[in-house]
Amino acid sequence: MKASTAIKKIMKRNGWTQAQMAKAVGAKSQTVIGMRLNRPNMTFDLALEMLDKMGYEIVIQPVSAGKRKEGAVVITRGGEE
């Protein structure tokens with residue numbers, strides 16, 4: 001899935017609103033967060049900033065098949081879920 005889709009999923013799972021995210025990252029408004037989340041290609045830096053504020057990290061590992069750890073979200077280039 002795309003980074004923006006993954007972040008939306010994590011925000012929903014953890015009860016984060018766009019307004020809360022805006023405050024956490026120091027954005028002027030929740031509209032800024034909405035724009036970030038609706039970009040076709042969110043930058044790595046923006047994704048990392050938002051994930052960090054929710055207590056998540058990005059782990060780089062070889063592609064592997066099979067079941068992931070519960071709560072894990074996989075971001076791929078193709079954007080498939």
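Using a probe of 1.4 angstrom, how much of the accessible area of the chain is carbon and sulfur, in percent?
Ligands and nucleic acids excluded, carbon and sulfur reach 52 percent.
Please report how many Lys pairs in the chain have alpha carbons closer than 29 angstrom, counting only residues at least 8 apart along the chain or sitting on separate chains.
For the chain, qualifying lysine pairs total 25.
Given axes a ≥ b ≥ c from the Cα gyration tensor, I'd like to know whether the range 5-81 is rounded (a/c under 1.5), prolate (a/b larger than b/c) or oblate.
prolate
For the chain, take the longest principal axis of its alpha carbons; what is the angle in degrees between that and the long axis of helix 3-13, to the nearest 10 within 0 to 90?
Long axis of 3-13 versus the principal axis of the chain: about 80 degrees.
Can you tell me the length gained on complete extension of the stretch Q20 to T76, counting 0.36 nm per residue apart and subtracting the Cα distance?
Gain in length upon complete extension: 17.5 nm.
Solvent-accessible area of D45, probe 1.4 Å, all protein chains present, reported in Å² to the nearest ten, please.
110
Per residue, how large is the accessible surface of the chain? Use a 1.4 angstrom probe and give square angstrom.
Normalised by residue count, the accessible surface of the chain is 74 Å².
Filter the trypsin sites (Lys or Arg not before Pro) in the range 25-62 down to the DSSP loop ones having no more than 13 other Cβ atoms within 10 Å, then list what survives.
K28
At 1.4 Å probe size, with no ligands or nucleic acids counted, give the accessible surface of V59 in Å², nearest ten.
Probe radius 1.4 Å; accessible area of V59 about 100 Å².
The values are calculated or read from the model by the stated rules, or taken from the named source; none is laboratory data. None of these values were measured; they are calculated from a predicted model. All Cβ positions, even for glycine, are placed from backbone atoms using ideal geometry, and neighbour counts span all protein chains on display. Accessible surface is based on the protein model in full, side chains and every heavy atom, while ligands, DNA and RNA are left aside. Shrake-Rupley method; radii C 1.70, N 1.55, O 1.52, S 1.80 Å.
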